[in-house]
């Protein structure tokens, strides 16, 4: 997010809170109000008699627009620990702000505040009709600040005060009243902890201009039409069964076709790059994940299985298994790199409330790969993976405007390994990014717990951005599993492990693909590639002969020999967005031809059957979209 837009969104969150105080409850408990990717939100705790309702939001929107037009200044000031506590507790009477303030003070952080002000002489005109208790409250706040900071507040009236460290605009005249709009109401636990009080969260959309807001709303409307949960059911791609369990999708035949096509393409891209296929079981003893560090890191997300004599985990990751395959071989430097490929399902006990369609699941099939190499080979191996990623996403029409996040450690979080190991791994990925001129940005705190990574961000057909492919550099697991190969001097040398996934997970990727194509799949991915429609029943035999000939070429074909009218059959095929509709009637039977209608291009033409087959063979082989 650009700094200018960040400032606007965070400033608008203060304006929202001010509007809520004016319109809904002057002494509402205010919590946090950060800027987010599409706008901002603010969390509130209302009294029982002042609970916010949908019908209240229009008045709050109007009040926000009015506040923007008041040309309010944002004034920054800071206070010592004792003074800031007095302000927050005694004057503002905001206990949730005090909880945060005390934590900031304990970490020796500066306690800063922002006050919104108007010219004192304009107070009566601008605040006409506003709750007198709101005005009385801010008269006290104004008196306090004028006494404390006369150079900042003399001649001003304070209309809102918040403890905050974010940058803001200098004046509300920098904001466009047509560029923000209510998004939704939601509920959220204070600080995300289910043991805490539940607050009302009000989401607002906010952009630089009215046009950008409208573009975003159009994108969201389009996203609703493409919702994979609706299309997945309508097209019989996947099923969620309450008897099987939440987050455990069952793939219907149509879904399995898509998944298999993607998996086959991924293997096609790897098989000539020295990768070898492996297979690993779905569970392992606890000791494996204690050694790898996954047990400590993901303890609450692990499924446990108790055998007759031993305890097991359903595997949350494939990498510890692949470490064991490498360890059971005697490799020399001549063998390096060693590359393993396995599309394998792993399991994580996600919270039920977070599960949704293929977006968040408990069974995750990663197109996983791990390669073991020397430090001197990292840059070249990363580039080989980058080439695979680029080809894969070019095929899917998602390569434009992609970028890469170089994810490194942050100041907080549990990470395996010491600083020297991390510095070496981060340097290796940075060197590869610069050498191959990847459009990368640094993502602090986004690293995996065992090493830094390159996360590839792609946009779909309606402009939404997804993190999909990833390349992760790991110096830690080879140490934890004591992996080695024999170098030129006959000594043991520690390999580096590079984890990579091209589609991230097949479930997540199928979700993105369903919405990317809006179910109008290209020929190679479409569950039904051809629908043969006879003009009348007497042409059914020719239709089935044509279908049989195409099936021999391994195409997926259906014949519509239903009792529906010809026009309805055509309409049904179009509604299902089948790539090719093949019409056969008297002329086609006599000439051994077929009338073709392409869904995506809307072209219509007549071909000899062999001509059609040659055309679609090439289209399938090249995976055209």
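Find the percent of Cα-Cα distances in segment 229-517 that exceed 22 Å, and round it to a whole number. The calculated P(r) of segment 229-517 puts 60 percent of pairs beyond 22 Å. Here the Kirkwood formula, the inverse mean of 1/r across different C-alpha pairs, assigns segment 3-221 a hydrodynamic radius of 17.8 Å. Computed from Cα positions, the angle between helix 609-621 and the longest principal axis of the chain comes to roughly 50 degrees.
Applying 1/(1 + (r/R0)^6) with r as the Cβ-Cβ distance of residue 285 and residue 492 and R0 = 35 angstrom yields a FRET efficiency of 0.85. Convex hull volume of the Cα atoms of segment 95-142, normalised per residue: 94 Å³. In this structure, residue 549 and residue 598 have a Cβ-Cβ separation that, at R0 = 30 Å, corresponds to a calculated FRET efficiency of about 0.95.
Kirkwood's formula applied to the C-alpha pairs of segment 530-621 gives a hydrodynamic radius of 13.1 angstrom.
Shown here is the pair-distance distribution of segment 428-559: with all Cα-Cα distances grouped in 10 Å bins from zero up to the longest one, the shares run 10, 23, 21, 17, 14, 9, 5, 1 percent. Once the C-beta distance of residue 102 and residue 71 is scaled by a Förster radius of 30 Å, the resulting FRET efficiency is 0.30 to the nearest 0.05.
Across all directions, the average projected area of the convex hull around the alpha carbons of segment 397-465 is 5.2 nm².
Relative to one another, the C-alpha centroids of segment 336-355 and segment 139-166 are positioned 54 Å apart.
Using Cα centres only, tell me the gap between segment 461-522 and segment 30-91 in whole Å. Here the answer is 42 Å between Cα centres.
Taking 7 Å steps out from each Cα toward its Cβ at residue 390 and residue 148 produces label points 5.6 nm apart.
Find the relative contact order for the chain and round it to a whole percent, using C-alpha pairs within less than 8 Å whose residues are 6+ positions apart.
10 percent
Just need log10 I(q)/I(0) for segment 60-121 at q = 0.12, 0.15 Å⁻¹, Debye formula, equal scatterers on the alpha-carbon atoms, no solvent, rounded to two decimals. Those come out to -0.41, -0.60, one per q. Panel order for 578, 498, by other beta carbons found within 10 Å of each beta carbon, from fewest to most: 578, 498. To the nearest ten degrees, helix 506-517 and the longest principal axis of the Cα atoms of the chain are 90 degrees apart.
Against the main long axis of the alpha-carbon atoms of the chain, helix 132-148 sits at an angle near 70°. Restricting the calculation to Cα atoms, segment 456-520 yields a radius of gyration followed by a Dmax of 18.7, 58 Å. Could you list log10 I(q)/I(0) for segment 227-273 at q = 0.17, 0.27 Å⁻¹, which the Debye formula gives when each Cα is one point scatterer? For the requested q values the scattering log ratios are -0.58, -0.94.
Across all Cα atoms of the chain, the radius of gyration (one decimal) and Dmax (whole number) stand at 30.3, 98 Å.
Taking label positions 7 Å along the Cα-Cβ direction at both residue 418 and residue 403, the computed distance is 3.6 nm, reported to one decimal.
Just so you know, all these numbers are worked out from the coordinates, no wet-lab data involved. Being a predicted model, the structure only gives us computed values, none of them experimental. Cβ: placed from backbone, ideal geometry, glycine included. Neighbour counts: every protein chain shown.
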